Amino acid sequence: RGFFRALAAVCVVCRRLQTMIDDAVLLEAVAKQGGYEEVENEQAWGAIAKVLGQRKTDASKLKQRYEEMLLATADAEKEDEDEEAQIIGREHEVEDILDDRIEAGEKQYLVKWRDEPGEFEDASTWEPVDNLGGSRSLIAQYERRKEAAARLTDGCAADSAPAAAPAAAPA
């Protein structure tokens with residue numbers, strides 16, 4: 001019983017694979033004939049059927065399959081565009097300010113974004129101050145940390161400076 005289920009699953013995979021191969025061959029055949037519009041204008045679906053080793057009577061099925069692929073591609077592209085617009089249009093929340101720099105005369109901050117896990121591989125980007133309007137308090141915190149670190153570094157440098165040599169005693 002398990003053998004027949006496995007065999008049936010293999011058959012399903014084989015049919016899907018064959019469909020994918022057939023679709024790729026159909027796409028290539030239409031492209032070689034100049035594209036969909038050219039094939040339509042020349043009513044060359046019969047010629048494509050013949051090239052693919054099909055009967056001319058199967059030409060309408062090939063045309064229908066090709067149009068289904070076009071629609072599926074258009075739908076997938078629309079979904080991708082919608083998803084991209086949704087990500088771009090959404091306000092992202094700043095988690096922390098990590099660093100700053102001057103780039104082309106403009107101050108930028110290295111921003112760590114608080115996003116959905118796995119949404120972005122690198123959730124840190126350099127952003128100009130104008131893009132961080134709602135993050136003024138985080139910028140102020142970063143600037144205070146930076147000033148404190150600079151004071152600490154300056155204090156350590158003063159402590160580690162060699163002491164001045166004692167003045168020579170008058171003779």
Among residues belonging to the range 27-76 that are open to solvent by 90 Å² or more (accessible area, probe 1.4 Å) and not in a helix (DSSP H, G or I), point out the one that is modelled with the highest pLDDT.
GLN43
Restricting the range 11-26 to residues that are more than 15 Å from TYR66 (Cα to Cα) and open to solvent by 80 Å² or more (accessible area, probe 1.4 Å), the residue that is modelled with the lowest pLDDT:
LEU17
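The values are calculated or read from the model by the stated rules, or taken from the named source; none is laboratory data. Fair warning: this is a prediction, and the values are worked out from it, not measured in the lab. We work out accessible area using only protein heavy atoms, side chains counted, and drop any ligands, DNA or RNA first. Shrake-Rupley method; radii C 1.70, N 1.55, O 1.52, S 1.80 Å.
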